[in-house]
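> The structure is given below, and queries will be raised subsequently.
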Ligand code: PMP
């Protein structure tokens, strides 16, 4: 099948793999970066420091603001639980949105059991969260606002710069889940004035199981660690650093920085070809806000087509669907439902996500397959009459 699921994960770049291998075996740099008493440790630490710089270069941060975690799920947990615990005497109110990733939503649900109050904002029909509504929901005891940069199902982008201004005007911490934005939208964390930002290597051609939480130093943001132990990562996240993974993430960021400005228009062009090739299908609904989105995601729904049959008919395409969803449940996507889609349309949605290795030919083939599948399924559908 053709791989169009880059928002789920990406293949590791060969150059990344080649570097990583040097940090595993007896002939390589396998030391523990926390071993201060010998060279094996020192060189490993130097390598980690370089990776921290490479990652910082991609977002314009200070390397000391980068904390390594196991991925964006952990980063989101650490940011939200860690800040809420540390600043609990300042207040107990959090604002987030209904379309966040589960690692944000379930963390917030957990905090609700611990006496925190959470306001879940619904985006407008176009997927964008209203700035006015954010302002209205802010209370005296609001300590944190957590809003994702780019939604993982629709690709729709939030107005991070403006939300950041609202937060800082009101002395509220601002956390951003940038997992789907990194490498797809140029991020200058200093300009955007984000306090905490989560992202992961495996969405940008790096390895799985490594991610970052950016934590601003000026003014210094504090948080309570969620994993205790040997005081690694300035005490904020203990555990021996996975040096090879970190090296992988560093190189992936370095490559991304170099390629991004060519890659973004390349992927955007392919997405335009795809949308233009299918937009004339009858009863197709666009779930991505094309004017305000990352370039790599296109989410559409088809009326009068059954979700499961659609996936079966499209088995030559590796895509994500509103039906065969993350959990084994048959619940339609909560993201699409909070945009106001009825169940049937949420069920018959598909997410195409494109990446570095997607080709024009693959997109042309995809367009053809979609046309054939929809035609066939509608012939069979009792609800569809021509
Ligand atoms: N947030 C978003 C927006 C995501 O897309 C993902 C990955 N699907 C995550 C968080 C979790 O990332 P990880 O796989 O690194 O835990």
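> Under the definition of Cα pairs under 8 Å and six or more residues apart, what whole-number percent is the relative contact order of segment 275-361?
33 percent
> State the Cα centre-to-centre distance between segment 165-219 and segment 335-386 in whole Å.
32 Å
> Most fluctuating residue of 340, 155, 355 in a GNM of the chain with Cα springs under 10 Å: which is it?
Maximum fluctuation in the GNM of the chain, among the listed residues, is at 340.
> Among 216, 169, 135, which one shows the biggest mean-square fluctuation in a GNM of the chain, springs joining Cα atoms closer than 10 Å?
Greatest mean-square fluctuation among the candidates belongs to 169.
> Compare 89, 269, 292 in a GNM of the chain, Cα atoms joined below 10 Å, and give the one with the largest fluctuation.
89
> Below 8 Å between Cα atoms, with a sequence gap of 6+, how large is the relative contact order for segment 73-135 in percent?
Values: 58 pairs, mean separation 21.7, N = 63.
So the answer I get is 34 percent.
> Under 8 Å for C-alpha pairs, at least 6 residues apart: give me the relative contact order for the chain, rounded to a whole percent.
This gives 22 percent for the chain.
> If you don't mind, another one. Taking the 0 to 90 degree range and rounding to the nearest ten, how far is the long axis of helix 160-169 tilted relative to the main principal axis of the chain, both from C-alpha atoms?
So the inclination is approximately 50 degrees.
> Using the alpha-carbon atoms, what tilt in degrees (0 to 90, nearest 10) does helix 102-112 show relative to the longest principal axis of the chain?
70 degrees
> Looking at the chain only, what percent of DSSP beta bridges run antiparallel? Nearest 5 please.
55 percent
> Tilt of helix 39-59 relative to the longest C-alpha principal axis of the chain, in degrees (0 to 90, nearest 10)?
50 degrees
Since every read-out is calculated from the coordinates, none of them should be taken as a lab result. Small disclaimer: the values here were computed from a predicted structure and weren't measured.
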